[in-house]
Amino acid sequence: MSNQLSNIKVFNKRRAFCFITFCLATICVSFTPVVGQEKPNIIFILADDLSYRDLSVFGQERYQTPNIDKLATEGIRFTQAYSAAPACAPSRCSLLTGLHTGHSSVRMNSSARGQDNLKDSDITIAEVLKTAGYNTAFTGKWGIGLPGTEGVPYKQGFDYSYGYYDQTRAHTYIPDYLRENEKKIFFPENKGFDMMRRYDYEDNKPQNTYDANGRLCIDELKDPYGYVYSENKIKEAAFNFLRKNSPDQSGNPFFLYYATQLPHGPVIVDDLAEMNQPDSVLQLSREWGAMVLKLDRFVGELVEELKELGVYENTVIFFASDNGYSMCGYTDRGNGPDWPDDPWLRNKGPFSGGKFSTLEGGCRIPFFVSWPQNIASRVENEPVWLPDFFPTAIELAGLSGDSLRSDGHTLLPLLKNNSSGFEKHPYLYFSRGREQALRMGPWKAYRKTPEHETRLYLIEEDTYTERDLSGLYPEIVKKAEAIMTVEHEPHAWYWNPEETRDQYNEKKEKARKSNNVLPAFRPNGIAKLPWE
């Protein structure tokens, strides 16, 4: 066991004791393993801003996503799944640490210091899986640790890392460089790409040019067709990792965290494919659909790659989005407070709110798990959320995480079709700055700030949160407010619910005076984002 821990970073004494205790307390997972390989491989595909109804298996009608649909329908599909936050960075932190935004190190996309990061004291699922012998890799968009900080992926348990470490640079699909572990990989063929132009959504006018075959043509580049599209490189890095680290090659199982940019805007895709349709359909809508279809093709290629490597049958594939609906933010329709649905795709889902809101539309996500010959095809209605991945992966690796703090519950009983064995969540806690929400059994409690009255909805029959029942159930409201207060542990740099704007601005000033402001990264070398 000392060899297993030799590469794990040093924690404080309390965490170290818990971690060692957890490592020693191993258990057996009851699934039948593939001969010669006891532990399953684990892949988590995290889409970026994928809407609830962007997939045909979840109700999209304008196009079909056959590869994703096949995985979802052959595995377990969750109809009431939540991210732990309504934005990119905090959701990713919660996924990898199992902690919600009242407990985690990253609670919003920005703190008073800037784009904040995981800490050395955080225990990620990659670090835990490494103690069980897993080879680990991250490819895609990280967003929870800027270069030069303790939060970069290769300091958080990942043997191999490739992609964008900061979330703002991940807005571009035509990057000047990507990162591979500590190195920058430059793409001089992308020099001259006008990223600022792609942020112009006025009147929903198209900003990208496609030829008659639907292929992207970037006129401002020296070679309009010679660009590097980031998602192709990220896929290539992921597949190279799989080939080098298949159990036959390495003798160990693998964990791949594939955090794709798709379909986060500003929209641009290297090939419109099926979305190369008449101009009567808004190009922004067709580009978004084409980006979802590109993700679907990746999933199909991934499955074929796993089969070719002989590991598909013993690979557990998790698929989810990092937050709820946000497509309107990349059009002239704007984001909150209404988050209007796309008039052609109708991909938002039956919810109020959207990204950056703790209402249903900001946190309800598509989520499913596939494990051939181990998970029976079914639909599960029990409320679950992304922090559940942390304890689930621990048990899949044959370990016990009882001594590790987690706001997630293992999904293994549900994966084994043993609903009675699943420890139901008494509540799910959500926050974004001063805004808080709670999913508690059939109820959804929501308050904009602690000074606002708490609204209460019977969410399973009122997904649009149109009927406030707080006046009829004051005891439920009182209980929800007490939980909101207890679950949110104050953070030194993020905006806590009880703090005023002036108090938060004081934190910003403190960060500036103490030289604690983090550097800002922007895509393609632009000096300032349009909203700055």
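Residue by residue through the stretch 223-256, note down the ones that are at pLDDT below 95, in a loop (DSSP other than H, G, I, E, B) and open to solvent by 20 Å² or more (accessible area, probe 1.4 Å). Before you say what the answer is, go through the steps one by one.
Applying the first criterion (at pLDDT below 95) to the stretch 223-256 yields 246-251.
Filter again for in a loop (DSSP other than H, G, I, E, B), leaving 246, 251.
Of everything in the stretch 223-256, just one residue is at pLDDT below 95, in a loop (DSSP other than H, G, I, E, B) and open to solvent by 20 Å² or more (accessible area, probe 1.4 Å), namely GLY251.
Residues that are under 21 Å from the mean Cα position of the chain (by Cα) and of a type in the set (D, E, K, R) within the stretch 396-447 comprise ARG405, ASP407, ARG432, GLU435, ARG439, listed in sequence order. So, of the residues in the stretch 268-289 that are under 21 Å from TYR173 (Cα atoms) and among the charged types (D, E, K, R), which turns out to be surrounded by the most Cβ atoms within 10 Å (Cβ to Cβ)? Among those residues, the one meeting the criterion is ARG286. When the stretch 40-61 is filtered for residues that are open to solvent by less than 10 Å² (accessible area, probe 1.4 Å) and touching a Gly at 6+ places or on another chain (Cβ under 7 Å), only SER51 remains. Starting from the stretch 321-345, take each residue that is in contact (Cβ under 8 Å) with a residue 40 or more places away in the chain and outside any loop (DSSP other than H, G, I, E, B) and list its partners that are among the polar types (S, T, N, Q) and open to solvent by less than 10 Å² (accessible area, probe 1.4 Å), counting only C-beta distances under 9 angstrom and pairs at least six apart or across chains. Close Cβ pairs (under 9 Å, with a partner that is among the polar types (S, T, N, Q) and open to solvent by less than 10 Å² (accessible area, probe 1.4 Å)) amount to SER321/SER51; SER321/SER83; SER321/SER91; MET327/SER51; MET327/SER285; MET327/ASN347. Within the stretch 201-222, the set of residues being without any contact (Cβ under 8 Å) to a residue 24 or more places away in the chain and either in a loop (DSSP other than H, G, I, E, B) or within 22 Å of TYR162 (Cβ to Cβ) (or both) comprises LYS205, ASP211, ALA212, ASP219. Under the condition of being over 23 Å from CYS88 (Cα atoms), open to solvent by 30 Å² or more (accessible area, probe 1.4 Å), touching an Asp or Glu at 6+ places or on another chain (Cβ under 8 Å) and not in a strand (DSSP E or B), the residues counted in the stretch 425-463 number 2. The set of residues in the stretch 193-208 being exposed (fewer than 13 other Cβ atoms within 10 Å of the Cβ) and either closer than 19 Å to TYR227 by Cα or among the small types (Gly, Ala, Ser) (or both) consists of ARG197 alone.
Let's see how each residue does on (1) under 26 Å from PRO519 (Cβ atoms); (2) open to solvent by 10 Å² or more (accessible area, probe 1.4 Å):
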| residue | (1), (2) |
| --- | --- |
| THR97 | yes, no |
| GLY102 | no, no |
| ASN109 | yes, yes |
| ASP120 | yes, yes |
| ILE125 | no, no |
| LYS130 | no, yes |
| ASN135 | no, yes |
| PHE138 | yes, no |
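The single residue among GLY324, GLY300, GLY265, GLY214 that is open to solvent by less than 10 Å² (accessible area, probe 1.4 Å) and within 16 Å of LEU55 (Cβ to Cβ) turns out to be GLY324.
Can you name every residue in the stretch 183-206 that is touching a helix residue (DSSP H, G or I) at 6+ places or on another chain (Cβ under 7 Å) and at pLDDT 95 or above?
The first filter runs over the stretch 183-206 and keeps only residues touching a helix residue (DSSP H, G or I) at 6+ places or on another chain (Cβ under 7 Å), leaving 193, 195, 201, 204, 206.
Selection gives PHE193, MET195.
Yes or no: TYR494 farther than 24 Å from GLY334 by Cβ, outside any loop (DSSP other than H, G, I, E, B), modelled with pLDDT of 95 or more and hydroxyl-bearing (Ser, Thr, Tyr)? When the stated conditions are applied, TYR494 does not pass them.
The values are calculated or read from the model by the stated rules, or taken from the named source; none is laboratory data. Nothing here was measured: the structure is a model prediction, and the numbers come from that model. Every residue, glycine as well, gets a Cβ built from its backbone with ideal geometry; the counts of neighbours run over all protein chains shown. Protein only, heavy atoms only, side chains kept; ligands, DNA and RNA dropped before computing areas. Shrake-Rupley method; radii C 1.70, N 1.55, O 1.52, S 1.80 Å.
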